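Below: one structure, written as structure tokens.
The values are calculated or read from the model by the stated rules, or taken from the named source; none is laboratory data. Computed from a predicted structure; not experimentally measured. Neighbour counts are summed over all protein chains in view; Cβ atoms, including those assigned to glycine, are modelled from backbone coordinates with ideal geometry. Note: areas computed on protein heavy atoms with side chains; ligands, DNA, RNA excluded. Shrake-Rupley method; radii C 1.70, N 1.55, O 1.52, S 1.80 Å.
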Amino acid sequence: MQDVSTLVARAREGAPRAVARLISLVEGASPQLREVMAALAPLTGNAYVVGLTGSPGVGKSTSTSALVSAYRRQGKRVGVLAVDPSSPFSGGALLGDRVRMSEHASDPGVYIRSMATRGHLGGLAWSAPQAIRVLDAAGCDVVLVETVGVGQSEVEIASQADTSVVLLAPGMGDGIQAAKAGILEIGDVYVVNKADRDGADATARDLNHMLGLGESRAPGDWRPPIVKTVASRGEGVDEVVEALEKHHAWMEEHGVLAERRLARAAREVETIAVTTLRERIDDLHGDRRLGALAERIIGGELDPYRAADELVAGLTRG
């Protein structure tokens, strides 16, 4: 058993091994998880969480690495959660993103962690909210969360980040994607990466057109900007940071940041509660109570909905 208070204190001092151990406790759903979260609670709420999503091949990892460099030039501590597909053999992350960001490996002001989805849909790992909390408590000024890169299903990042960045690239069918529902409806900032390729202007133009066809905006509402970059050369990255800073300031001015964080906390509580109930229900297989309810359904005494209500009531009573 780890001494949680010592781990938290060392993480606050910037010790990478302590941060790594805390995130491992989160990922492994350790029996100490509740103790960890209780210790971190008073230390969180300071980090700016930026989510980056987009179809495979748009340059998410390169863009994330370039943003790390830009924020480090500002003297900010940066945490990166790079969500990778799960290995079909070990269930662990494939670590591709961490390899591509190796230039930051020796920087004590940067912490990079690859996390496995472990079958969780939506582009994120199920433990991502708690891992973000660890990096926040560890003193990161900015936390960059890069999704797995599976395309249109990656909308979950919008519920976990303060600001969502959607990346596109010319020549990858993004003009068609712009006409579809999905990840192109969740962006606060849009980035057309690989802008040195043919078709970049057309991609930006199509995207701007689709945004114009979206929901009507009242005066003062945020209009997502479109920034063109060549992340591999660092071109346009400062403009992305500027757009992020403007969005952050706008959210604070209009109370949107507090609203998003409140909604995020509520969803986290809901997820934990539902998971707990599901685990209790799984424990009931073969249990006398579940069999008795099933018999009453077969006998016409109960319908499945009333039976489920009775089961939930019994579970919540303990």
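Couple of notes before you dig in:
- S106 at pLDDT below 75, among the small types (G, A, S) and surrounded by fewer than 18 Cβ atoms within 10 Å (Cβ to Cβ): no
- Residue check for L184: at pLDDT 85 or above, under 18 Å from the mean Cα position of the chain (by Cα) and open to solvent by 10 Å² or more (accessible area, probe 1.4 Å): no
- Screening the range 1-70 for helices (runs of 4 or more DSSP H) wholly inside it with 2 or more residues that are open to solvent by less than 50 Å² (accessible area, probe 1.4 Å) and closer than 30 Å to L167 by Cβ returns the ranges 16-27.
- Among the residues of the range 247-280, those that are surrounded by fewer than 13 Cβ atoms within 10 Å (Cβ to Cβ) and either polar (S, T, N, Q) or over 20 Å from the mean Cα position of the chain (by Cα) (or both) comprise A249, E252, E253, G255, T271, T275, T276, R278, E279.
- Taking first residues from the range 229-253 that are touching a residue at least 40 places away in the same chain (Cβ under 8 Å) and partners that are among the charged types (D, E, K, R) and in a strand (DSSP E or B), the Cβ contacts under 9 Å between residues at least 6 apart in sequence or on separate chains come to T229/E235; E235/K228; G236/K228.
- Any pair with Cβ under 9 angstrom, 6 or more apart, that starts in the range 263-275 at a residue that is closer than 9 Å to P129 by Cβ and ends at one that is open to solvent by 70 Å² or more (accessible area, probe 1.4 Å) and of a type outside the set (K, R): T271/W126
- The set of residues from the range 147-168 being closer than 8 Å to G51 by Cα and at pLDDT 90 or above comprises A161, D162, T163, S164, V165.
- All positions within the range 17-68 that are basic (K, R) and touching a strand residue (DSSP E or B) at 6+ places or on another chain (Cβ under 9 Å): K60
- Within the range 281-304, restricting attention to residues that are in a helix (DSSP H, G or I) and modelled with pLDDT under 80, the residue that is least open to solvent (accessible area, probe 1.4 Å) is I281.
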